[in-house]
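The values are calculated or read from the model by the stated rules, or taken from the named source; none is laboratory data. If you're wondering where the values come from, they're calculated on a predicted model, not measured in any experiment. Cβ coordinates were reconstructed from backbone atoms using ideal geometry, including for glycine residues, and neighbour counts include every protein chain displayed. SASA here: full protein model, heavy atoms, side chains in, ligands and nucleic acids out. Shrake-Rupley method; radii C 1.70, N 1.55, O 1.52, S 1.80 Å.
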Amino acid sequence: MIYLEYLAAAVIVVVLSIKASDYIDLLDKNTKLSGAFLGGIMLSAVTSLPELFTSISATVLLERPGLCMGNILGSDLFNLGALAFFILLFSKNFAKGKVSKSYRHVTVVVLVIYILITLNFAGILQFRILHLSITSVLIALIYGLGAKYLAVADDVTSDEAVLDYHSESSTSLSVKQIGVRFFFAAVGIIAFSIILTYLTDEISVKLNLGQGLAGAIFLGVATSLPEVTSTIALFKMKNFNIAVGNIIGSNLFNFIILVVADVLSMGSGVYATFDHQIENLLIFGGTATILFWVMLRFKKATIQTVCALGMVASYLGFLLI
């Protein structure tokens, strides 16, 4: 029954996340915000809500920081692997499509954060300021730079209307009605994300899995499904700019979740537990991020294919090892 309960909770989280994205879109569709901003910040923040509350509940309620770390790193690696898979499926169209150059800078920021976390686990950045790890302080500062690059990623014109791909057909809802529906969707995401975390913890004990592996597979994949759903639809509409912005924006936003969890833990923090699976996630996630930067920097068909295959192989390599 626990596996059925986990599946049901995961499906509900995905559906509610998609609905929350709908309401964000309806609230913003009449603004002049760039497509890159909507995809990289607004949409990515909404689709990252499951990661946020599963990570907080894992660290604060269950005191299982390994689940939180596995969730974030596993989600980021899965996001890049899924994006690479769709790039391979739509290789010809993607090669011709336009993607903001700012995403290369965001990717570098994400890679720097990988390095900071690695230095923490290597014992170099392990000291704390009151209850906050110096690693979290640095991540917060670096995140601000990445968010700035996302906000100005408007060198490519994107049709913001494509974000209506799964919106409610009726646009007669008032702003108040949309806001209320978004509120209840967000509350539902919070509730079922917490339930999902408890179920994952039970499954990890039942299967004798480490926290890092359980977080990467049972939390990381489930909480990444909203991003994957958005990416599929955007790729079908050939709006690769918003699709790429959504993924790299989500990966960046996920790291700020570590900072939030570290602040709320008021103890040893999210970096307290380390196992070999987290080490593998750092290695394969960093590798996939480098390949992603190379793909964005050199948009040639051959390089694109090789890098995409490497990103998919990075995720499969983690699962195999």
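For segment 243-272, give me each residue that is buried (at least 20 other Cβ atoms within 10 Å of the Cβ) and small (Gly, Ala, Ser). Passing the criteria: 243, 245, 249, 250, 261, 265, 269. Restricting attention to segment 126-137, the residues that are modelled with pLDDT under 80 and either of a type outside the set (A, V, I, L, M, F, W, C) or open to solvent by less than 40 Å² (accessible area, probe 1.4 Å) (or both) add up to 3. Which residue out of 140, 161 is surrounded by fewer than 18 Cβ atoms within 10 Å (Cβ to Cβ), among the aliphatic types (A, V, I, L, M), modelled with pLDDT under 80 and assigned to a helix (DSSP H, G or I)? 161 is the lone residue from the list that is surrounded by fewer than 18 Cβ atoms within 10 Å (Cβ to Cβ), among the aliphatic types (A, V, I, L, M), modelled with pLDDT under 80 and assigned to a helix (DSSP H, G or I). Within segment 273-291, is there a residue that is closer than 23 Å to residue 101 by Cβ, in contact with a Cys (Cβ under 8 Å, 6 or more places away or on another chain) and buried (at least 17 other Cβ atoms within 10 Å of the Cβ)? Yes, that holds for at least one residue. Within segment 201-208, is there a residue that is more than 30 Å from residue 92 (Cα to Cα) and not in a helix (DSSP H, G or I)? Yes, there is a match, as at least one residue in segment 201-208 is more than 30 Å from residue 92 (Cα to Cα) and not in a helix (DSSP H, G or I).
Selection within segment 29-71: residues that are among the hydrophobic types (A, V, I, L, M, F, W, C), open to solvent by less than 40 Å² (accessible area, probe 1.4 Å) and within 12 Å of the chain's Cα centre (by Cα). The member of this set that is modelled with the highest pLDDT is 52.
Whether a residue is among the small types (Gly, Ala, Ser) and closer than 29 Å to residue 305 by Cβ was assessed, and residue 91 passes this test. Contact annotation: residue pairs with Cβ atoms under 8 Å, 6 or more positions apart or on different chains, pairing a residue in segment 109-122 that is touching a residue at least 40 places away in the same chain (Cβ under 8 Å) and within 22 Å of residue 250 (Cβ to Cβ) with a partner that is in a helix (DSSP H, G or I) and among the acidic types (Asp, Glu), are 110/76.
Let's see how each residue does on (1) more than 13 Å from the chain's Cα centre (by Cα); (2) of a type in the set (A, V, I, L, M); (3) more than 18 Å from residue 11 (Cα to Cα):
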{"site": "197", "(1), (2), (3)": "yes, no, no"}
{"site": "211", "(1), (2), (3)": "yes, no, yes"}
{"site": "216", "(1), (2), (3)": "no, yes, no"}
{"site": "220", "(1), (2), (3)": "no, no, no"}
{"site": "225", "(1), (2), (3)": "no, yes, no"}
{"site": "230", "(1), (2), (3)": "no, no, no"}
{"site": "244", "(1), (2), (3)": "no, yes, yes"}
{"site": "251", "(1), (2), (3)": "no, no, yes"}
{"site": "255", "(1), (2), (3)": "no, no, yes"}
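Residue count for segment 292-321, restricted to those that are assigned to a helix (DSSP H, G or I), open to solvent by 70 Å² or more (accessible area, probe 1.4 Å) and farther than 23 Å from residue 211 by Cα: 5.
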